[in-house]
Amino acid sequence: MQSKRTEREISRQRVKPGIWKRIGSDGKPRYEVTYRDSDGKQRRQVVEGGQRAAETKLADVKAKIGKGERVAPRRDLTFAEAAEAWMSTQGATLRPATQAAYRSALAMHLLPAWGSVRLDRIDVDTVAALIERMQTAKYRSEVEQRDDPKRKPAKQGYRTWTIRGVLTPARRVFDFAKRRMSWAGTNPVRELDGSERPKHQPRERRILSRDELARVLAAADEPYKTILGTAAGLGTRLGETLGLVWRDIDLDNGTAAVSYQIDRRGQRVELKTARSRRVIEMPGSVIAALRAHKLRQEGATTPDSLVFASRTGGPLEHRNVAQRGLGAAYKRAKLTGRAPTFHELRHAHASAWIAEGGDLVELSSRLGHRDPSITASVYSHEFEAANRSADRRARLDSIYGPDRGSIVAASEVSKGQNADSGQTAKVVDLQAKRKGRQ
């Protein structure tokens, strides 16, 4: 009978009761769990991860059966069913802006493409094909004209960040179906190869120099001048800058507590992570600007009043600050080149810090990054340039320094010799001299 067994079955080894191990074609171990589902049928399910993941999966299945929950692989589960269950179960825990982004990705791209398709029929090739289509102008035109038939055809496909924004909820739907809906398949989004994923092509940063920033601030109207100066001086994001209240500002000690932000819906919400919530020192220019700004508000402020508020006391809109504030000031300053985005004021702050020899860990703390490695990755070019400059100067000093017979020293000796001899330099017409010899 053993001769009739498949090679895969022969290669399977029992690790523990209900847990099996086999070696895949790539030479890596794969783990499976076996159990009887709610219908009494013997089930076998591949588990991503190692033996511990398999043990956890089997324990979870047994716990569900023990509670009387129905456990049976959903072979007919469609993407639309899984997406609806995921959003209704976990959507409430997401921020409003994230919810809106995920629902938009589902409605515009994922459900039209895969809504009625069973999850086990969506493989990595299916996902890669959607990515390729999203990169074409034809696909983008079809999507945009679905809501507005009169809209002009798109000239190019979707950008990388849009495609990535669609893949994120897709990946989470498959993960949810596997964890919570007894789906036994493999997440095809996670199986994408690096060459199949959309390539990120960051555009060159437009970082204002100190002179350019001064010209922009001089051309800006209030309250935008103070907003731009505060963001550039603190390195805060637009939402974080607009989310400051006077309770956060300690003008005497020169610090600002960054704990909240104004989101794009105009809501003041707490920052996501503990690392992003921080207290940072303010430069003297920002302290002076905020003192003057508070005086202009004629004392009509409370500790919980927004530092930068509309005439009615509400939050300012992101778009207005970026366009009417930074955009308009840049035009009036008559600077050349592409106008910077508001976020590039943050890059300018970081670049200035690095140029002055500032510490990486301190910069990471000021910017509210989760880890200094993120800061090093984002500003790797600036750190490398600063280090190269210092290394070059040190190397040149070691070669041409005063104690090594430098060019400058040799030049000074030459000048001294000329002065002692009383001779003065004069231009000789070599061509005329040659002609005289002829």
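The values are calculated or read from the model by the stated rules, or taken from the named source; none is laboratory data. If you're wondering where the values come from, they're calculated on a predicted model, not measured in any experiment. A quick note on method: Cβ atoms are made from the backbone with ideal geometry, for glycine too, and the neighbour counts reach across all protein chains shown.
Can you name the residue in the stretch 71-94 that is out of contact with any helix residue (DSSP H, G or I) (no Cβ under 8 Å at 6 or more places or on another chain) and modelled with pLDDT under 85 and is also farthest from Pro112 (Cα to Cα) among such residues? Applying the filter and picking the extreme gives Ala72.
Those helices (runs of 4 or more DSSP H) of the stretch 75-126 in which at least 1 residues are among the basic types (Lys, Arg) and surrounded by 13 or more Cβ atoms within 10 Å (Cβ to Cβ), considering only elements entirely within it, cover 96-105. Restricting Glu298, Glu270 to residues that are within 23 Å of Ala322 (Cα to Cα) and of a type outside the set (A, V, I, L, M, F, W, C) narrows the list to Glu270. Scanning the stretch 293-312 for residues that are surrounded by 12 or more Cβ atoms within 10 Å (Cβ to Cβ) and not charged (D, E, K, R) yields a count of 9. All of (1) among the charged types (D, E, K, R); (2) outside the structural domain of Leu306 (by TED's automatic domain parsing); (3) touching a Ser or Thr at 6+ places or on another chain (Cβ under 8 Å) hold for Arg277 with one exception: (2).
The single residue among His318, His369 that is in contact with a helix residue (DSSP H, G or I) (Cβ under 7 Å, 6 or more places away or on another chain), surrounded by fewer than 18 Cβ atoms within 10 Å (Cβ to Cβ) and in contact (Cβ under 8 Å) with a residue 40 or more places away in the chain turns out to be His318. Taking each residue of the stretch 215-232 that is touching a residue at least 60 places away in the same chain (Cβ under 8 Å) and looking for partners that are part of a helix (DSSP H, G or I) and hydroxyl-bearing (Ser, Thr, Tyr) with beta-carbon atoms closer than 7 Å, six or more apart or interchain, yields Val216/Tyr330; Ile227/Thr241; Gly229/Ser285; Thr230/Thr241; Ala231/Thr241. Of the residues Gln45, Gln51, the single one that is of a type in the set (S, T, N, Q), touching a helix residue (DSSP H, G or I) at 6+ places or on another chain (Cβ under 8 Å) and not assigned by TED's automatic domain parsing to the domain that holds Ser116 is Gln45. Note on the stretch 313-355: among residues that are in a loop (DSSP other than H, G, I, E, B) and of a type in the set (Lys, Arg), the one that is modelled with the lowest pLDDT is Arg338. Filter the stretch 54-110 down to the residues that are among the basic types (Lys, Arg) and within 23 Å of the chain's Cα centre (by Cα), then identify the one that is nearest to Glu142 (Cα to Cα). That would be Arg103.
Results for (1) under 15 Å from Ala348 (Cβ atoms); (2) in a loop (DSSP other than H, G, I, E, B), shown as yes or no for each residue.
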position: Glu191; (1), (2): no, yes
position: Pro198; (1), (2): no, yes
position: Ala214; (1), (2): yes, no
position: Ala218; (1), (2): no, no
position: Lys225; (1), (2): no, no
position: Ala232; (1), (2): yes, no
position: Gly239; (1), (2): no, no
position: Val269; (1), (2): no, no
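In the stretch 38-50, of all residues being within 25 Å of Pro188 (Cα to Cα) and surrounded by fewer than 16 Cβ atoms within 10 Å (Cβ to Cβ), the one that is modelled with the highest pLDDT corresponds to Gly50. Taking residues in the stretch 349-361 that are under 14 Å from Ile280 (Cβ atoms), and partners anywhere that are at pLDDT below 85 and of a type in the set (Ser, Thr, Tyr), the pairs with Cβ atoms closer than 7 Å and at least 6 places apart or on different chains are Ala350/Tyr379. For the stretch 337-386, enumerate the residues that are over 20 Å from the mean Cα position of the chain (by Cα) and of a type in the set (Asp, Glu). Answer for the stretch 337-386, where residues must be over 20 Å from the mean Cα position of the chain (by Cα) and of a type in the set (Asp, Glu): Glu356, Asp359, Glu384.
Hey, can you tell me all the residues within the stretch 136-161 that are basic (Lys, Arg), under 27 Å from the mean Cα position of the chain (by Cα) and in a helix (DSSP H, G or I)? The one that is basic (Lys, Arg), under 27 Å from the mean Cα position of the chain (by Cα) and in a helix (DSSP H, G or I): Arg140. Pick from the stretch 166-202 the residues that are under 13 Å from Ile131 (Cβ atoms) and crowded, with 17+ Cβ neighbours inside 10 Å: which of them is farthest from the chain's Cα centre (by Cα)? In this case the residue turns out to be Pro188. Within the stretch 237-281, restricting attention to residues that are touching a residue at least 12 places away in the same chain (Cβ under 8 Å) and of a type in the set (Gly, Ala, Ser), the residue that is farthest from Ala101 (Cα to Cα) is Gly254. Residues in the stretch 93-140 that are in contact with a Gly (Cβ under 7 Å, 6 or more places away or on another chain) and among the aromatic types (Phe, Trp, Tyr): Tyr139 alone. Of the residues examined, Arg133 is one that is surrounded by 14 or more Cβ atoms within 10 Å (Cβ to Cβ), without any contact (Cβ under 8 Å) to a residue 40 or more places away in the chain and assigned to a helix (DSSP H, G or I).
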